[in-house]
Amino acid sequence: MTNLETRSVSRDSLFLLANIRVEQQGATHRVRVRNLSDGGMMGEGSMRVQRGNRLEIELRNIGVVHGSVAWVQDNRFGIAFDDEIDSQLARRPLDVASDNDASTIERSWAHKAPKPPSQESVRKI
């Protein structure tokens with residue numbers, strides 16, 4: 001792998017669960033969604049897929065999306081969606097209305113680190 005970034009679509013790292021079914025098979029598998037973009041996702045789980053398999057993916061707040069397996073490595077695999085989605089919808093809490101107005105989401109900044117102390121208040125030792 002090179003240091004050159006070859007992806008043309010930005011993606012978000014996150015941790016979600018999705019239900020995936022290989023088309024022409026009946027079993028549905030629960031997998032972890034490790035990153036998600038409008039054009040695809042990386043999944044992780046015990047289900048066995050092969051490059052080129054057609055899939056039905058059920059994503060939270062989005063519904064069923066169709067795609068195909070682009071790559072497989074160990075228990076992780078990449079999926080290219082047939083049609084682009086609004087990947088930000090999957091980040092919304094389940095109880096948020098499904099209107100596409102992102103301003104209705106209340107943002108939490110509690111995870112931000114506090115500001116560093118000013119130089120005047122720092123005592124030199």
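Quick notes on this one:
- Residue in segment 38-57 that is touching a helix residue (DSSP H, G or I) at 6+ places or on another chain (Cβ under 6 Å), at pLDDT below 95, over 15 Å from Leu17 (Cα atoms) and in a loop (DSSP other than H, G, I, E, B) present: yes
- Annotation note: Cβ proximity below 7 Å between a residue of segment 8-32 that is modelled with pLDDT of 90 or more and a residue that is among the aromatic types (Phe, Trp, Tyr) (sequence gap 6+ or interchain) occurs for Arg32/Phe15.
- Candidates are the residues of segment 45-60 that are buried (at least 16 other Cβ atoms within 10 Å of the Cβ) and within 15 Å of the chain's Cα centre (by Cα); the one that is farthest from Pro93 (Cα to Cα) is Gly45.
The values are calculated or read from the model by the stated rules, or taken from the named source; none is laboratory data. Source: prediction; values computed, not measured. Cβ sites come from the backbone with ideal geometry, for glycine too, and all protein chains shown count toward neighbours.
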